[in-house]
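See structure below.
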């Protein structure tokens, strides 16, 4: 398996956008597949934030992104881990963990001291990777957990 920056293989944007839209459209009710594709084009800039890492072998396996803000009710928190997704047939093989760890390491190397995320259902997964719960709250009609990872101790 390889982990690459999406900038190296931007042809995967339509597939990633479709996966992400299917997985999280209920958290982004105003979103569309077309909007997601357009937003992902921003991940191709030279800036680290926003950017996306992808995992692949002979085919695309998954993704993890870092974005300026992923929760409009928390504009004071930045940046955010987002779009951590592994294709269903490849789950439970450590791919998501590797994507998250590599993104955290790249964030640290970029001088970022902490990153945030929110998840409706993957608290245990992130806690195993060193993330801490910040709060539990309602967001767009869903119960979510906001988490933080300090990067200085990596």
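Every number here is computed from the coordinates shown, using simple stated rules; none is lab data. Please read these numbers as outputs of a predicted model, since none were measured by experiment. Counting neighbours? That spans all protein chains shown, and the Cβs are built from the backbone with ideal geometry, glycine included.
A few comments on the model shown:
- Of the residues contained in segment 3-18, none is found to be touching a helix residue (DSSP H, G or I) at 6+ places or on another chain (Cβ under 7 Å) and closer than 22 Å to residue 73 by Cα.
- Meets criteria (closer than 22 Å to residue 138 by Cβ and exposed (fewer than 13 other Cβ atoms within 10 Å of the Cβ)) for residue 121: yes
- As for segment 124-139, it holds no residue that is out of contact with any strand residue (DSSP E or B) (no Cβ under 9 Å at 6 or more places or on another chain) and either buried (at least 20 other Cβ atoms within 10 Å of the Cβ) or outside any helix (DSSP H, G or I) (or both).
- Taking strands (runs of 3 or more DSSP E) as the structural unit, those lying wholly within segment 1-83 and holding at least 2 residues that are under 22 Å from residue 139 (Cβ atoms) correspond to 60-67.
- Of residues in segment 53-64 being in contact with a strand residue (DSSP E or B) (Cβ under 9 Å, 6 or more places away or on another chain) and either in contact (Cβ under 8 Å) with a residue 40 or more places away in the chain or surrounded by fewer than 16 Cβ atoms within 10 Å (Cβ to Cβ) (or both), the one farthest from residue 13 (Cα to Cα): 57
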